[in-house]
Amino acid sequence: MNFSSSVPVALAGFAIFAACSVATTQDPSPEDDMALEPAVSENIEGGRDRVVGGYGPGDVSEPGAKIAYDMVETAIYERYPTRALVDKVALETQVVAGLNYRFRVEMTGAAEARAVYSAVVYRNLDDAYELTSLDKLQ
């Protein structure tokens with residue numbers, strides 16, 4: 001085999017190699033990325049896993065939650081003056097750039113007249129707390 005006959009064979013081989021490498025280096029579609037990546041979760045107190053960014057169960061006795069709840073209770077009595085007392089409190093937390101505490105507060109009273117509130121307190125990374133929402137649900 002001489003040099004002039006091996007050049008076309010080498011060029012053909014190079015062309016096939018180049019075509020294969022282009023096909024394998026194309027970016028996958030966004031749908032493919034989502035299908036390949038597992039859900040990101042973190043392990044929180046008590047051994048529960050929670051998807052980052054989603055709400056999950058919270059512990060009202062946790063020190064940060066107590067501070068947030070005190071803000072909520074004060075705001076309820078200031079905005080919606082009442083003699084009713086707090087009967088039930090439910091808490092969910094959400095990890096963001098800080099932490100959101102979402103409370104559901106049910107007051108005492110007859111079932112049909114019982115006030116229920118939803119409130120969110122944001123705690124930033126510097127441990128500053130801010131009541132971001134307070135709504136009367138019923």
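The values are calculated or read from the model by the stated rules, or taken from the named source; none is laboratory data. Bear in mind that the values here come from a model prediction, so they are computed numbers and not experimental data. Neighbour counts are summed over all protein chains in view; Cβ atoms, including those assigned to glycine, are modelled from backbone coordinates with ideal geometry.
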*Residues being exposed (fewer than 13 other Cβ atoms within 10 Å of the Cβ) and not in a strand (DSSP E or B): count how many of those fall in region 78-101.*
7
*Kindly list the number of the only condition in (1) at positive phi; (2) in contact with a helix residue (DSSP H, G or I) (Cβ under 6 Å, 6 or more places away or on another chain) that fails for residue 119.*
(1)
*Taking interchain pairs and intrachain pairs at least six residues apart, which have beta carbon atoms under 9 angstrom, with the first residue in region 52-63 and under 13 Å from residue 96 (Cβ atoms) and the second in a loop (DSSP other than H, G, I, E, B)?*
52/39; 52/40; 53/40; 56/44; 56/48
*Name the residues in region 60-77 that are under 19 Å from residue 123 (Cα atoms) and exposed (fewer than 14 other Cβ atoms within 10 Å of the Cβ), would you?*
60, 61, 63, 66, 70, 74
*Do the conditions hold for residue 84, that is, is it of a type outside the set (Asp, Glu) and touching a residue at least 24 places away in the same chain (Cβ under 8 Å)?*
yes
*What number of residues in region 102-127 are over 18 Å from the mean Cα position of the chain (by Cα) and more than 18 Å from residue 60 (Cα to Cα)?*
9
*Exactly one condition in (1) surrounded by fewer than 17 Cβ atoms within 10 Å (Cβ to Cβ); (2) within 17 Å of residue 55 (Cα to Cα); (3) at pLDDT 95 or above is not met by residue 119; state its number.*
(1)
*Looking at residue 114, is it surrounded by 14 or more Cβ atoms within 10 Å (Cβ to Cβ) and at pLDDT 95 or above?*
no
